[in-house]
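J.: Take this structure first; my questions come after.
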Amino acid sequence: MISLTVNGKAYDLDVDPEMPILWALRDVLGLTGTKYGCGQALCGACTVHLDKETVRSCCTPISRAKGRSVTTIEGLSPTGNHPLQKAWCDLAVPQCGFCQAGQIMTAAALLAQNPKPTDADIDRSLAGNLCRCGTYTRIRAAVKRAAGLPEEPTRSTSEEG
Amino acid sequence: MPLTRREFVGGLFVSAVATRVLADEPSGANKQSAKTAAPQPAEGLKPNLFVHVGSDGQVTIACHRSEMGQGVRSTLPVLIADELGADPAKIRIVQGDGDKRYGDQNTDGSSSIRSHYKELRKAAATARQLLIAAAAVQLRAPASELTAHDDAVWQGKKSISFARLADAAGKLPVPKPDAVELRPESELIHCFKDLPLVDAKPIVTGSAQFGADVTLPGMLVAVIERPPVVGGKVAGYDPSAALAVRGVKKVVQMPQPEAPWKFQPWGGVAVLADNTWAAMRGRAALKIDWDLGPNATYDSDAYAKELSKVVHEPGKSARNKGDVETALKSAAKVVEAEYHVPHLAHVPMEPPVAIAHFEDGKCEVWAPTQNPQDAMKEMARVLGIDEDKTTCHVTLLGGAFGRKSKADFVSEAAWLSREVKAPVRVQFTREDDVRHDYYNAVNTQLLTAALDPKGQVTAWRQRTALSPIGSTFTGADQATANDLQQGVTDLPLAIPNVRAETCKAPAHVRVGWLRSVYNIFHAFAAGSFMDELAHARGVDPVDNLHELFGPPRIVTLEELGVAKLPNYSTQLDEQPIDTGRLRAVIDKAAQMSRFKERKGRALGIAAHRSFLTYVAAVVSVVRDARGKIAVDEVWLAYDAGLVINTERARSQMEGAVIFGMSHAFYGGATMKGGVTEQSNFNDYRLIRMPQAPRSIHVAQVKSGKPPCGVGEPGVPPIAPAIANAIFALTGRRIRELPLVRAGIV
């Protein structure tokens, strides 16, 4: 039995201790906001917080979460209004949306440690999170907006012909 | 509340999902919620599948196309609401199931707006006309004096709300399409601007429902070991170690497909478990002996050498004007270059997945599919049942790019559900996705041009060898007219002698379409070759493009040297090849990037028409700290005719830049012994955040023409623009993708 906290709620899970946190969240707890993208810690779609650190939940066994606290996209903010979530909506960041939970969880950990990141900090922090739709320039801008930083020059611009 | 395993059903969580009602999201988590989310109740006005005006005035609009990031759910319903006279901010959007009554639902070919613009407006206008007819009775006024907007019908300042009209309107006979008039476009006040992204909040809070988020009571998760080589067979297998894994319930051999492959299940052996992890571990424990079959000799590097030989011999004529061979013989200078682009994989972030429940001779499926009607057809075929015994609910698609218009993963789930008598979710792992894709065609081209003593181009010959999509469906071994319209036969050239030839290229893997398809390599070759000609001629690349494409004009079939042109299933007189529009996007991209004042900057330009849309891109490249090539800024100008949602069009173009960069830098699925060598994002690499350009500038050139495509046309000019910029920086000409193979990125 593995005792842990997920999004502030206590659980005792009777599962294979080697089961990755991802599958415990999705298949056992029904928390499907965290996504499977690669299973090899290569894409970041499965990123959650274990205590305050980001982990790739697809490769982190549930046994590592014993006695600790997991936060997923569903638990990032009780109202869904974390500054990053607001900025993501304001700038219409998502396209298909599948990678965005992982992007936001990674960015949330970055801002918690480094409230005023530089472009290089953002790039380094999010280098492990793939987006096939190609929303990177908007993600950069949204992280900056959430941090209260000026968005130029990463913002994609619209010009009328 | 502590939760223990005792409370789980079959090891898979169900209860919370089962109680979730998904009124405003793609169809549901289980059968109950899917039924709750059924679009239209009986009362009120419902003249067709698209529009329902409830007795309470609530307007419900069905989005019958699949949402895969292109923003169709944020766009089509607004068009319908606007034509109707409803406030788009108040509408309820439901995702349409697969249903022939919607007409075509194949969300592919950048066609959702351009092919449905009038038809959807007609559906909405039908409802509006009925509401107005009902209001005319109540107001005792002629219908011609009434207008509909803001959820009401108006006579001057007097109005009756839709709520008070819906029931009466619902009792009137539905007019025939011919008797329904559309509003003038000027009355569409909510369209042709940046529109809100309706799925943003569910996406950023984790409640949006993608394929794998659907769970049914008693469901098993299947992970399938498919033949490593296309056409390979299971010679024998030992399931015992797999069955010993905790959670594994069954091991089942899949049916063997026969060529042509189409969307048949791939074959192999399925491991079914009560959770995904157990199914994956069970599969890893399987022991299978394979009979790999004739494709086990496929070596993509050796094949590329074959294609190179093939394009040096004359092929079958696809386009002919003047006399290219004579012009080449009498040329003052001949410029020739060979280009190669390998197979490309789709790798949407969400790997293919489908949930099927076969029961009582009927099959119900939930899937992130681009083409629900085709998924139903395939399920019916694989199960030997009538299509009307099948249902397909469409979830959000976690990226698709053409991969999810193939119904293979749906037919696998349907077959397995009947076989094991339980609901089944087939989950592709990333490795499955990379190795068992319908890859974009591999291609080699030879381009040859004749220059006269003044440097004018007098002849252009383009030979293309591509493994056609037809190979998957009929066994075809060379391109058809439909294939060649993507950047070969439709390429406008103000050159007196032009010839295109297609050469044989039999496929040894399943070939399918990937976002912008053959345009990817045809634009890469033509866009690069044009730049080679600019340098051979000593002409500025922008002026060179203007000269090669020629003056603004409508290009005729005669000028192209073809008898007909499929023109993306659109009449040529409605959407002709217009070099004026091409010139305008080139000029816009050049102006934004200050191309002509580029001193000290390494810029490359390319322009291409595809899916009826004109796009020009300018790319700036630099060397990074390690001396490798990096893209630091991109300017893209597009003319897609009327654009309903300019914000999603812009985001598609931004995304296309990154998508095109991924092909150029890393794209390439290679095969040895018939087996795909790549398996995951470590070896099928994509552009990551630090490589994304500092800025992507997108400009819409407004021509006022009818709507064209948006999802795909941004991709083709990116790779050649990058290659041309690399030439500007380094003097090195890139003729083969991906760049990583040349060691420069």
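J.: Going by the structure shown, is B:Glu559 closer than 30 Å to B:Ala669 by Cβ, among the acidic types (Asp, Glu) and surrounded by fewer than 23 Cβ atoms within 10 Å (Cβ to Cβ)?
T.: no
J.: Name the residue, out of A:Ser3, A:Ser57, that is under 21 Å from B:Thr429 (Cα atoms) and at pLDDT 95 or above.
T.: So the residue among A:Ser3, A:Ser57 that is under 21 Å from B:Thr429 (Cα atoms) and at pLDDT 95 or above is A:Ser57.
J.: Among the residues of segment A:118-130, count how many are out of contact with any strand residue (DSSP E or B) (no Cβ under 9 Å at 6 or more places or on another chain), more than 7 Å from every other protein chain (Cβ to nearest Cβ) and assigned to a loop (DSSP other than H, G, I, E, B).
T.: Qualifying residue count for the region: 1.
J.: Among the residues of segment B:621-665, what is the count of those that are without any contact (Cβ under 8 Å) to a residue 60 or more places away in the chain and out of contact with any strand residue (DSSP E or B) (no Cβ under 6 Å at 6 or more places or on another chain)?
T.: The total comes to 5.
J.: Quick one: how many residues across segment B:51-68 are of a type in the set (Val, Ile, Thr) and either without any contact (Cβ under 8 Å) to a residue 24 or more places away in the chain or in contact with a Pro (Cβ under 8 Å, 6 or more places away or on another chain) (or both)?
T.: Looking only at that region, the number is 2.
J.: Right, something else. Restrict the check to segment A:75-95 and report whether at least one residue is facing another protein chain (nearest Cβ under 9 Å), farther than 27 Å from B:Asp194 by Cα and either polar (S, T, N, Q) or buried (at least 23 other Cβ atoms within 10 Å of the Cβ) (or both).
T.: Scanning segment A:75-95 turns up at least one residue that is facing another protein chain (nearest Cβ under 9 Å), farther than 27 Å from B:Asp194 by Cα and either polar (S, T, N, Q) or buried (at least 23 other Cβ atoms within 10 Å of the Cβ) (or both).
J.: Something else now. Looking at segment B:492-520, which of its residues are part of a strand (DSSP E or B) and touching a helix residue (DSSP H, G or I) at 6+ places or on another chain (Cβ under 9 Å)?
T.: Passing the criteria: B:Asn497, B:Val498, B:Arg499, B:Ala500, B:Thr502, B:Cys503, B:Val511.
J.: Go through (1) touching a Cys at 6+ places or on another chain (Cβ under 6 Å); (2) within 14 Å of chain A (Cβ to nearest Cβ) one by one and return the number of the condition B:Val311 breaks.
T.: Condition not satisfied by B:Val311: (2).
J.: I've got another one for you. Of the residues that make up segment B:409-431, is at least one polar (S, T, N, Q) and under 30 Å from B:Cys503 (Cβ atoms)?
T.: No, because not a single residue in segment B:409-431 is polar (S, T, N, Q) and under 30 Å from B:Cys503 (Cβ atoms).
J.: For segment A:58-74, name all the residues that are part of a helix (DSSP H, G or I) and more than 8 Å from every other protein chain (Cβ to nearest Cβ).
T.: Listed by number, the residues that qualify are A:Ile62, A:Ser63, A:Arg64, A:Ala65.
J.: Moving on. Considering only residues that are within 14 Å of chain A (Cβ to nearest Cβ) and assigned to a helix (DSSP H, G or I), which ones fall in segment B:374-405?
T.: Matches in segment B:374-405: B:Arg403, B:Lys404.
J.: So, one more: Out of A:Gly33, A:Gly8, which single residue is at the interface with chain B (Cβ under 8 Å from one of its Cβ atoms) and modelled with pLDDT of 95 or more?
T.: From the options A:Gly33, A:Gly8, the qualifying one is A:Gly33.
J.: Related question: Yes or no: segment B:603-612 includes at least one residue that is in contact with a helix residue (DSSP H, G or I) (Cβ under 6 Å, 6 or more places away or on another chain), among the polar types (S, T, N, Q), touching a residue at least 60 places away in the same chain (Cβ under 8 Å) and outside any loop (DSSP other than H, G, I, E, B).
T.: Scanning segment B:603-612 turns up at least one residue that is in contact with a helix residue (DSSP H, G or I) (Cβ under 6 Å, 6 or more places away or on another chain), among the polar types (S, T, N, Q), touching a residue at least 60 places away in the same chain (Cβ under 8 Å) and outside any loop (DSSP other than H, G, I, E, B).
J.: Tally time: how many residues in segment A:112-130 are surrounded by fewer than 24 Cβ atoms within 10 Å (Cβ to Cβ) and either within 11 Å of the chain's Cα centre (by Cα) or within 26 Å of A:Leu29 (Cβ to Cβ) (or both)?
T.: Result for segment A:112-130: 2.
J.: Related question: Conditions: (1) outside any strand (DSSP E or B); (2) farther than 22 Å from B:Phe521 by Cβ. B:Leu686 meets all but one. Number of the miss?
T.: It fails just one condition, (2).
J.: Still on this structure, please answer the following. Take the residues in segment B:188-225 that are in contact with a Ser or Thr (Cβ under 7 Å, 6 or more places away or on another chain) and among the β-branched types (Val, Ile, Thr), then tell me which one is surrounded by the fewest Cβ atoms within 10 Å (Cβ to Cβ).
T.: B:Val198
J.: For B:Ala525, state whether it is at pLDDT 95 or above, of a type outside the set (Lys, Arg) and surrounded by 24 or more Cβ atoms within 10 Å (Cβ to Cβ).
T.: yes
J.: Counting only residues that are without any contact (Cβ under 8 Å) to a residue 60 or more places away in the chain and in a loop (DSSP other than H, G, I, E, B), which one in segment B:689-745 is surrounded by the most Cβ atoms within 10 Å (Cβ to Cβ)?
T.: B:Ala692
J.: Right, another one. Checking the condition polar (S, T, N, Q) and within 21 Å of B:Leu344 (Cα to Cα), which residue from B:Thr326, B:Thr297 passes?
T.: B:Thr297
J.: Among the residues that make up segment B:589-596, is at least one of them over 25 Å from the mean Cα position of the chain (by Cα), within 14 Å of another protein chain (Cβ to nearest Cβ) and among the hydroxyl-bearing types (Ser, Thr, Tyr)?
T.: The answer is yes, given that some residue of segment B:589-596 is over 25 Å from the mean Cα position of the chain (by Cα), within 14 Å of another protein chain (Cβ to nearest Cβ) and among the hydroxyl-bearing types (Ser, Thr, Tyr).
J.: Looking at this structure, is A:Thr54 more than 7 Å from chain B (Cβ to nearest Cβ), surrounded by fewer than 20 Cβ atoms within 10 Å (Cβ to Cβ) and among the β-branched types (Val, Ile, Thr)?
T.: So A:Thr54 does not fit the description; no.
J.: Is there a residue in segment B:347-363 that is surrounded by fewer than 18 Cβ atoms within 10 Å (Cβ to Cβ) and in a strand (DSSP E or B)?
T.: Yes, segment B:347-363 contains a residue that is surrounded by fewer than 18 Cβ atoms within 10 Å (Cβ to Cβ) and in a strand (DSSP E or B).
J.: Among the residues of segment B:699-720, is there at least one that is modelled with pLDDT of 95 or more, at the interface with chain A (Cβ under 9 Å from one of its Cβ atoms) and touching a Ser or Thr at 6+ places or on another chain (Cβ under 8 Å)?
T.: Among the residues of segment B:699-720, at least one is modelled with pLDDT of 95 or more, at the interface with chain A (Cβ under 9 Å from one of its Cβ atoms) and touching a Ser or Thr at 6+ places or on another chain (Cβ under 8 Å), which makes the answer yes.
J.: Using beta carbons and a limit of 9 Å, which pairs, at least six apart or on different chains, have the first residue in segment A:1-23 and among the charged types (D, E, K, R) and the second one part of a strand (DSSP E or B)?
T.: Once the first residue is among the charged types (D, E, K, R) and sits in segment A:1-23, its partners that are part of a strand (DSSP E or B) give A:Asp12/A:Ile2; A:Asp12/A:Ser3; A:Asp12/A:Leu4; A:Asp14/A:Ile2; A:Asp16/A:Pro61; A:Glu18/A:Pro61.
J.: Being more than 27 Å from B:Ala465 (Cα to Cα) and either within 28 Å of the chain's Cα centre (by Cα) or crowded, with 21+ Cβ neighbours inside 10 Å (or both) is the requirement here; does B:Glu547 meet it?
T.: no
J.: Restricting to segment B:420-433, count the residues that are among the aliphatic types (A, V, I, L, M) and crowded, with 24+ Cβ neighbours inside 10 Å.
T.: Summing the residues that are among the aliphatic types (A, V, I, L, M) and crowded, with 24+ Cβ neighbours inside 10 Å in segment B:420-433 gives 2.
The values are calculated or read from the model by the stated rules, or taken from the named source; none is laboratory data. Computed from a predicted structure; not experimentally measured. Here the Cβ is made from the backbone with ideal geometry for all residues, glycine too, and neighbour counts use every protein chain on show.
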